[in-house]
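Following: one structure in structure tokens, then a few remarks.
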Amino acid sequence: MAYDTTELSMIIAVDGPAASGKGTLATGLARHYQLPHLDTGLLYRAVGLAAAAAVDRPDFEAVAIAAAKSLTPDELTNISALTAAETGVLASKVAVIGEVRAALFAFQRNFATQAGGAVLDGRDIGTKICPEADVKLFIQADSKARMERRARQLEARGVAVNRYELFHQIEERDARDMANPHGGFYKADDAHLLDTTHLDIEAALRAAIAIVDKAMALKAGGQKPS
Ligand code: C5P
């Protein structure tokens, strides 16, 4: 039986590496449970874009911190520029700056704790932004599968893709994200691992919904998930 979201507030944290499918899953979960959804990667991408001109300058950090502090929702609307592969690399460069993360923290916290709950996807939702989330999913998929998925997403939008370059961009981002001293990019102890390497979107979403339903049923029954 599906979990009835009208009865309880529910925060779902979806974390995972670049192109793991976490964004698609978070969107599907938000639709299924009728919850608002925040793609937190877009915040870092918007800051990366705003600081792009300074990327090789000594004042890059200061420019990125100022951009994070003054970020407005209007800057989250240019989806084609925000989702470009190069913007992902820029995002991972601003994401290692502690003051950038601190400046983006309150916005994410407020979103997560709104009445009724929310779905957030990113790298540190279950570990730093919302350690109290009701359900945590950690999505993984092997790097070749992730590259191929991202390539097809970009191609569907008419973007020409160099797969070799894209693979290296994803690996570069993974390495920077995992070494991020201010990060939190690891699977929380109480997160459910979902490997989507061999799952299509529908199968992955069904698996994610089954995990959420089970976790919420246990919670409603006052039990701790195993
Ligand atoms: O999720 P997405 O690939 O759009 O994220 C872009 C980059 O933003 C990541 O590679 C990571 O460096 C950073 N990020 C982060 N913490 C988050 C979301 C994204 O550090 N919660």
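The values are calculated or read from the model by the stated rules, or taken from the named source; none is laboratory data. Note that the structure is a prediction, hence the values are computed from the model and not measured. Because the Cβ atoms are built from the backbone with ideal geometry, glycine has one as well, and the counts that use them run over all protein chains shown. Each accessible area value is taken on the protein alone, full model and side chains, heavy atoms only, with ligands, DNA and RNA left out. Shrake-Rupley method; radii C 1.70, N 1.55, O 1.52, S 1.80 Å.
Here are some notes:
- Most fluctuating residue given options 93, 22, 144, as computed from a GNM of the chain linking Cα atoms under 10 Å: 144
- Angle in degrees between helix 60-69 and the longest Cα principal axis of the chain, rounded to the nearest 10: 40 degrees
- Against the chain, whose longest principal axis comes from its Cα atoms, helix 85-94 is set at around 90 degrees.
- Carbon/sulfur fraction of accessible area - the chain, other protein chains in place, 1.4 Å, %: 56 percent
- Å² per residue, accessible surface of the chain at 1.4 Å: 50 Å²
- Note on surface exposure: 206, 101 rank 206, 101 by accessible area, highest first, 1.4 Å probe.
- The count of lysine pairs in the stretch 10-217 that are at least 8 places apart or cross chains, and whose C-alpha atoms lie under 17 Å apart, stands at 8.
- Contact order for the stretch 112-226, expressed relative to its length and based on alpha carbon pairs under 8 Å spaced 6+ residues apart, stands at 35 percent.
- Acute angle (nearest 10 degrees) that the helix 201-220 long axis makes with the longest principal axis of the chain, alpha-carbon atoms: 50 degrees
- Check: the stretch 78-226 dipole with +1 on Lys, Arg Cβ and -1 on Asp, Glu Cβ, in debye: 140 debye
- In the chain, the ratio of gyration radius to Kirkwood radius, Rg to Rh, stands at 0.96 when only Cα atoms are counted.
- In the chain, the calculated helix contribution to ellipticity at 222 nm averages -15500 deg cm²/dmol per residue, counting -39,500 (n - 2.57) for every DSSP H run with n ≥ 4.
- Mean sequence separation of contacting Cα pairs (under 8 Å, at least six apart), scaled by the length of the stretch 10-217, corresponds to a relative contact order of 34 percent.
- Springs join every pair of Cα atoms under 10 Å in this Gaussian network model of the chain, and among 38, 76, 104 the largest mean-square fluctuation is at 76.
- Candidate aspartates and glutamates for bridging to residue 219, where Cα separation is under 19 Å - those fewer than 8 sequence places away on the same chain excluded: 4, 7, 132, 134, 189, 190
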